[in-house]
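Note sheet for the following structure.
The values are calculated or read from the model by the stated rules, or taken from the named source; none is laboratory data. This is a predicted model, so every value here is computed, not measured. With ideal geometry, Cβ positions are generated from the backbone for all residues, glycine too; neighbour counts draw on all protein chains shown.
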Amino acid sequence: MIIIGISFSHNGSVCLLKDGKVIVAIQAERLTRVKRQALDLDKNQTALNLCLDYCLSYSKVKIEDIDYIAFSTPWALKDLKEKCIEWINGISPKKRISVKSVSHHLAHAEYIIHYGNNENGTVCVIDGSGSYGNEIKKNDYNDLEDIYKNNDNHKLGYTKETVSIYKYKQNKLSAKFKVLSSNTKVIDFTDNIRSYFHSIGHIWEIVSNLIFQNGNQAGKVMGLIGFNKEKIEKKFLEFDRDFKPIINVDFLNTEIKKIKAKKNKPTDISFLADIIQKDTNDYVISLINKFISEKDKAIYLSGGVMLNIKLNTEIAKNFPNKKIIINGSTEDNGTSIGAASAIFRKLQKRNITENPTDYYGKKYTYEEVEKSLIEKELNFKVLNNDDLSEFIANEIVNSKVIMLSYGRSEFGPRALGHRSILANAFDPLTKSKLDTEIKLREPYRPYAPIVLENDYEKYFDLKFKSPFMLFDSKVLNNKLPAITHVDGTSRPQTVNRDNGIVYDILLKIKKIKGIPVCLNTSLNRPGEPICEKPDDAINYALNSEADYLVIENFLVNLSKN
Ligand SMILES: [Fe+2]
């Protein structure tokens, strides 16, 4: 059975599921080169077709082989299903393909249970906002009568799901709790009155707007944690006994007016990051405590808020006896996989599980890479894996910067060593070189390390493997200045043989330095999506101060080109 999953969202994505297994998945932004490329059927059909073609050609599947389209959206459904039927059948003249929709939080939940090895547990989904309240019931599992009995459909149409708790037990997912949040009005930095939902995701958006005049910089807000030295008792977010998050609008608007009166640098108002992080941790830990049971073996985490490494680390600390299950695409791109998995499980009435991974993109062939390099008239060498990893390790230790595109591209927002920039973690000058010459980033933002899975405990205070860079930890070694944040923490990715050439590179760095650690940051300019194709990497490399570009086994010395 072949199902195409689609996330119609600001993190638009498409995946192909064959007999319950993810064969390929791609975010639209990687192909259109527009950061946070939305997918919808009114304005972005070309982007959608690009993603579909990518998945079909990778899988060698023809359009008439597709059995179902499964989609999820955090936007109003309106006539999306009808438009989707029209779209797919317009390009599939030989066969009529059936289209199914899955409510948004359910798709987030199904995404993560896909990777849980069928462990019984509590599933926690938190994002900005998901499906509208009046559009959930017909899609979601129907255990939510309590929520619906006191609400008429008209009122529900003004609410959106912002927090959901599901139980996963004996292969059955059932909804236990859902917050349907209403709107609130907040003054934004440019003096508009804007509508937000009372949600964790939206309070991060507001604070991101307040500090950076851009609502999509939650990661940068997190980077400010550790700069503030004052004790802060204020709260932006509270919750009542029903666990409804409530944005403290009066306090927030007072702070916005105060901050607007001065021209503050982000580090001068870093206390805002501390407040919002503490509020988020307090809410989520209390919520999980309320719903977790002794019998649960696992806590499954999904939704955009779960990209918050400080929160994830706090959850892991608070529930040391539960297995934390999380994968690299917790934000909306993951809902294409979630929607497709939900429909597969429902139709086939059987469960599926796969090992967590985020390498769902394409690996480019020798011919494709060679063609791109020749077109740009670049000189290159082709090395075997052993020589290539040895060369890269030596050059990293010599403080050279390597741009690396190797293997299947990552699906989510983290570069996990397949579309990465690698640099010397031991050199105190590495960070400023990357900030000013290559990544063009603000000096307060930290860089993350990769470390061999067998050795991480010697260098990081991490209690478990972290293959998707979704937890932080104290750095235990003072020889790693380039990857140690101002508060002494770091966000390591633990690496094993399955991660490809970065594993070999770390083995060789270990031989030279005794410590298998390297700085790893994403292969993209600020404001651009991570590189996907060889041409994307070449264009970036040629306009940067990096020393080498490596695409598969091709080595390009950038100073000689
Ligand atoms: Fe979402």
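Computed values, structure above
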read-out	value
Failed item in (1) touching a residue at least 60 places away in the same chain (Cβ under 8 Å); (2) crowded, with 21+ Cβ neighbours inside 10 Å, with Val397 passing the rest	(2)
Identity of the residue in region 66-82, in contact with a strand residue (DSSP E or B) (Cβ under 6 Å, 6 or more places away or on another chain), aliphatic (A, V, I, L, M) and not in a loop (DSSP other than H, G, I, E, B), that ends up surrounded by the fewest Cβ atoms within 10 Å (Cβ to Cβ)	Ile69
Failed item, numbered, when Ile85 is tested on (1) in contact (Cβ under 8 Å) with a residue 40 or more places away in the chain; (2) surrounded by 16 or more Cβ atoms within 10 Å (Cβ to Cβ)	(1)
Total residues in region 68-101, condition out of contact with any helix residue (DSSP H, G or I) (no Cβ under 9 Å at 6 or more places or on another chain) and closer than 17 Å to Leu17 by Cβ	1
Test: residue in region 53-60 that is at pLDDT 95 or above, within 16 Å of the ligand (Cβ to nearest atom), under 19 Å from Phe411 (Cβ atoms) and among the aromatic types (Phe, Trp, Tyr)	no
Filter result for the condition that a residue is closer than 25 Å to Gly304 by Cβ and of a type outside the set (Ser, Thr, Tyr), over Phe411, Phe380, Phe391	Phe411
Qualifying residue in region 422-437 (condition: buried (at least 19 other Cβ atoms within 10 Å of the Cβ) and more than 28 Å from Leu388 (Cβ to Cβ))	no
Hits in region 483-535 (condition: assigned to a helix (DSSP H, G or I) and more than 19 Å from Asp455 (Cα to Cα))	Pro534, Asp535
Glu528 in contact with a Lys or Arg (Cβ under 7 Å, 6 or more places away or on another chain), surrounded by fewer than 19 Cβ atoms within 10 Å (Cβ to Cβ) and outside the structural domain of Lys310 (by TED's automatic domain parsing)	yes
Some residue of region 110-130 being within 16 Å of the ligand (Cβ to nearest atom) and hydroxyl-bearing (Ser, Thr, Tyr)	yes
Members of region 424-464 found to be over 18 Å from His485 (Cβ atoms) and either at pLDDT 95 or above or not in a loop (DSSP other than H, G, I, E, B) (or both), listed by number	Thr436, Glu437, Ile438, Leu452, Glu453, Asn454, Asp455, Glu457, Lys458
Hey, Tyr54 within 25 Å of the chain's Cα centre (by Cα), farther than 23 Å from Val123 by Cβ and aromatic (Phe, Trp, Tyr) or not	yes
Region 321-374, subset among the basic types (Lys, Arg) and touching a helix residue (DSSP H, G or I) at 6+ places or on another chain (Cβ under 9 Å), residue surrounded by the fewest Cβ atoms within 10 Å (Cβ to Cβ)	Arg350
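Yes or no, residue by residue, for (1) more than 17 Å from Asp332 (Cα to Cα); (2) surrounded by fewer than 20 Cβ atoms within 10 Å (Cβ to Cβ); (3) in the same structural domain as Arg408 (by TED's automatic domain parsing); (4) touching a residue at least 24 places away in the same chain (Cβ under 8 Å):
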position: Asn11; (1), (2), (3), (4): no, no, no, yes
position: Cys15; (1), (2), (3), (4): no, no, no, yes
position: Gly20; (1), (2), (3), (4): yes, yes, no, yes
position: Gln37; (1), (2), (3), (4): no, no, no, yes
position: Asp40; (1), (2), (3), (4): no, yes, no, yes
position: Asn44; (1), (2), (3), (4): no, yes, no, yes
position: Cys51; (1), (2), (3), (4): no, no, no, yes
position: Lys60; (1), (2), (3), (4): yes, yes, no, no
position: Glu64; (1), (2), (3), (4): yes, yes, no, yes
